[in-house]
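The block underneath contains the structure these notes are about, expressed in structure tokens.
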Amino acid sequence: MHLFNNVSAGDKAIIEKHLDKVPVPVGALARELGLEVKLILLPPDISGEIRPSPTAPAGFRINVNRHEKKERQRFTIAHEIGHYLLHRSLIGDGVSDNVLYRSTLSNQQEVEANKVAAALLMPRPTVEALLNTHGGLRSKEVSDLIAEQLEVSSPAMRIRLGLQ
Ligand SMILES: [Zn+2]
């Protein structure tokens with residue numbers, strides 16, 4: 001995928017190893033990439049952040065708002081992984097994402113991080129395979145079932161399937 005063109009072969013191999021699991025173990029994936037992941041108390045308008053960490057093998061820590069729902073936390077982790085993979089040179093002292101996944105980075109960079117998050121949490125081959133187990137129908141009902149299996153939000157899966 002062109003989104004991952006600039007990702008190192010080592011990081012790509014780690015990502016690919018996790019992508020065929022249902023749901024994709026996004027916390028384990030982050031840790032294998034060398035990132036620390038912590039659920040912490042963050043302001044209610046902040047979903048997550050990525051900042052430098054001297055103790056993380058890759059040099060960065062992802063903080064996730066512990067008051068948000070699990071599906072939301074999983075998306076946030078995947079989104080911050082996106083910033084790490086694509087924008088790590090721009091993270092500086094840290095990047096905080098609000099509940100709309102906006103930050104001090106550009107809209108373009110936020111769109112890229114959301115695309116990475118969708119690709120990590122809802123890999124196309126897995127989504128197609130799950131669709132087939134439900135008769136191949138791209139309905140909202142089937143979309144919701146697959147969202148549950150992949151532990152993503154219903155709106156995220158509907159967007160992935162082009163249903164809205
Ligand atoms: Zn972001």
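The values are calculated or read from the model by the stated rules, or taken from the named source; none is laboratory data. Note that the structure is a prediction, hence the values are computed from the model and not measured. When we count neighbours, we look across all protein chains shown, and the Cβ atoms used for this are built from the backbone with ideal geometry, even at glycine. These accessible areas exclude ligands, DNA and RNA; they are computed on the full protein's heavy atoms, side chains included. Shrake-Rupley method; radii C 1.70, N 1.55, O 1.52, S 1.80 Å.
Using heavy atoms of the protein chains and a probe of 1.4 Å, the accessible area assigned to His67 is about 130 Å².
Taken about its Cα centre, the stretch 57-164 carries a charge dipole of about 20 debye when Lys and Arg each add +1 at the Cβ and Asp and Glu each add -1 at the Cβ.
In the assembled protein chains, Arg102 presents an accessible area of approximately 130 Å² (probe radius 1.4 Å).
Which entries in the list Lys115/Lys140; Lys70/Lys140; Lys12/Lys140 go over 23 Å, if you measure between the two C-alpha atoms of each? Going by Cα-Cα distance, Lys12/Lys140 fall outside the 23 Å limit.
Got a number for carbon plus sulfur as a percent of the chain's accessible area, 1.4 Å probe? Can you show the working numbers first?
On the way: 4440 of 8170 Å².
For the chain, the apolar C and S fraction of the accessible surface comes to 54 percent.
Rounded, prolate or oblate: which one fits the stretch 1-70, using the alpha carbon gyration tensor with axes a ≥ b ≥ c (rounded when a/c is under 1.5, else prolate when a/b beats b/c, else oblate)? Note, shape of the stretch 1-70 comes out prolate. Helix 70-87 and the longest principal axis of the Cα set of the chain meet at an angle near 60°.
Inter-label distance, Asn107 to Glu128: 3.2 nm, where each label sits 7 Å from its Cα along the C-beta direction. Axis of helix 124-133 versus longest Cα principal axis of the chain: the two differ by about 30°, to the nearest ten degrees. Globularity index of the stretch 30-106 is 0.97 (Cα radius of gyration / 2.2 N^0.38 Å, N = number of residues). Gyration tensor over the Cα atoms of the stretch 77-141: the corresponding equivalent ellipsoid has semi-axes (square roots of 5 times the eigenvalues, largest first) of 31, 12, 8 Å. Per-residue ellipticity at 222 nm, computed for the chain from helices alone with -39500 (n - 2.57) per DSSP H run of at least four residues, works out to -14500 deg cm²/dmol.
Hey, what's the per residue convex hull volume over the C-alpha atoms of the chain, in cubic angstrom? Convex hull volume per residue, Cα atoms: 109 Å³.
Residues in the stretch 1-151 average 50 Å² of solvent-accessible surface per residue, probe 1.4 Å, ligands and nucleic acids excluded.
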